[in-house]
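Student: The structure that follows is given in the form of structure tokens.
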Amino acid sequence: MTDTIRILLCEDQTLMRQGLRTILELEPGFQVVGEAANGQEALKRYSELQSQNNRPDVVLMDVQMPYMSGVQATAALTRSDPLARIIILTTFDYEDYVFDAIKAGAMGYLLKDVPATELTATIRLVHAGEPSIQPRIANKLLIEFGRKSSSSTARQARSVQEEELSPREIEILKLLAEGASNRKIAEKLALAEGTVKNHVSNILSKLHLENRTQAAHMARERKLF
């Protein structure tokens, strides 16, 4: 039946997952084609269904799951399949959860206390390609977007020291800016190469950067050497 909406249900609590499945399968035109109890299992199940030409039309994804969170799984799914349509279903309406979920590629965000009619209506909207977020959550998203934008601007204006880099990390960042490899840095500072690699990873994490090239550019911009 071409009108059937295929749903992958990702929820770590068995009772909640079974309850959701019952609700969804009572809805005309809905079919739960798979279940997952954690983020890693969600990715695996989605891939399996895809390979069987039974790709889920909508994924219902819980935020807090073991091994890999719903936000992480959402980001991974949308990277591997840009057509994936994901609804976050959670007990939390914290600003960070909302912002991170939408940034990861979720098309919907619902709290678990919604009536069944709102859940099914949201699934139909997202299946049709329309993003759907509850109004009170949308307000939080706007507030968080404004807060993070301001925070990002302020963060760029801070010195590296204010980013809580250690003196050793600042030394390594300066050498990165000079184009030194991990091996050269290790030799210069009398450190193990693995230790340098760990320091570089910490620097990228603290400065919210993706690679050492960006770190070197930031160091040069801030005239650290």
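Student: Measuring from centroid to centroid over Cα atoms, what is the spacing of segment 1-38 and segment 112-126 in Å?
Tutor: 12 Å
Student: How far is it, in nm, from the label point at ASP3 to the one at LEU209 when both lie 7 Å from their Cα along the line to the Cβ?
Tutor: Each label point lies 7 Å from its Cα, and together they span 5.6 nm.
Student: Let me ask you something else. Calculate, axis by axis, the spread of Cα positions in segment 158-221 along the three principal axes, and write the results as whole Å, longest axis first.
Tutor: If we take the Cα atoms of segment 158-221, the spans are 30, 19, 17 Å.
Student: Would you mind getting me the FRET efficiency between LEU111 and ASN198? Use the beta-carbon distance for r and R0 = 41 Å, nearest 0.05. Mind dumping the intermediate values first?
Tutor: Numbers: r = 39 Å, r/R0 = 0.96.
Once rounded, the FRET efficiency stands at 0.55.
Student: Please give, to one decimal in nm, the separation of the simple spin-label points placed at HIS217 and LYS44, each 7 Å out from Cα toward the Cβ.
Tutor: Between HIS217 and LYS44, the simple spin-label model gives 3.8 nm.
Student: Can you give the extra length, in nm with one decimal, that the chain gains between MET16 and ARG79 once fully stretched, where that is 0.36 nm per residue apart less the Cα-Cα distance?
Tutor: Using 0.36 nm per residue and subtracting the Cα-Cα distance, I get 19.9 nm.
Student: Still on this structure, please answer the following. Subtract the Cα-Cα distance of ARG183 and TYR67 from 0.36 nm times their separation in residues, and report this length gain in nm to one decimal.
Tutor: Length difference between fully extended and current span is 38.4 nm.
Values in this text are rule-based calculations from the coordinates and carry no lab data. From a predicted model like this one, the values you see are computed outputs, not experimental measurements. Positions of Cβ are backbone-derived with ideal geometry, glycine not excepted, and every protein chain shown enters the neighbour counts.
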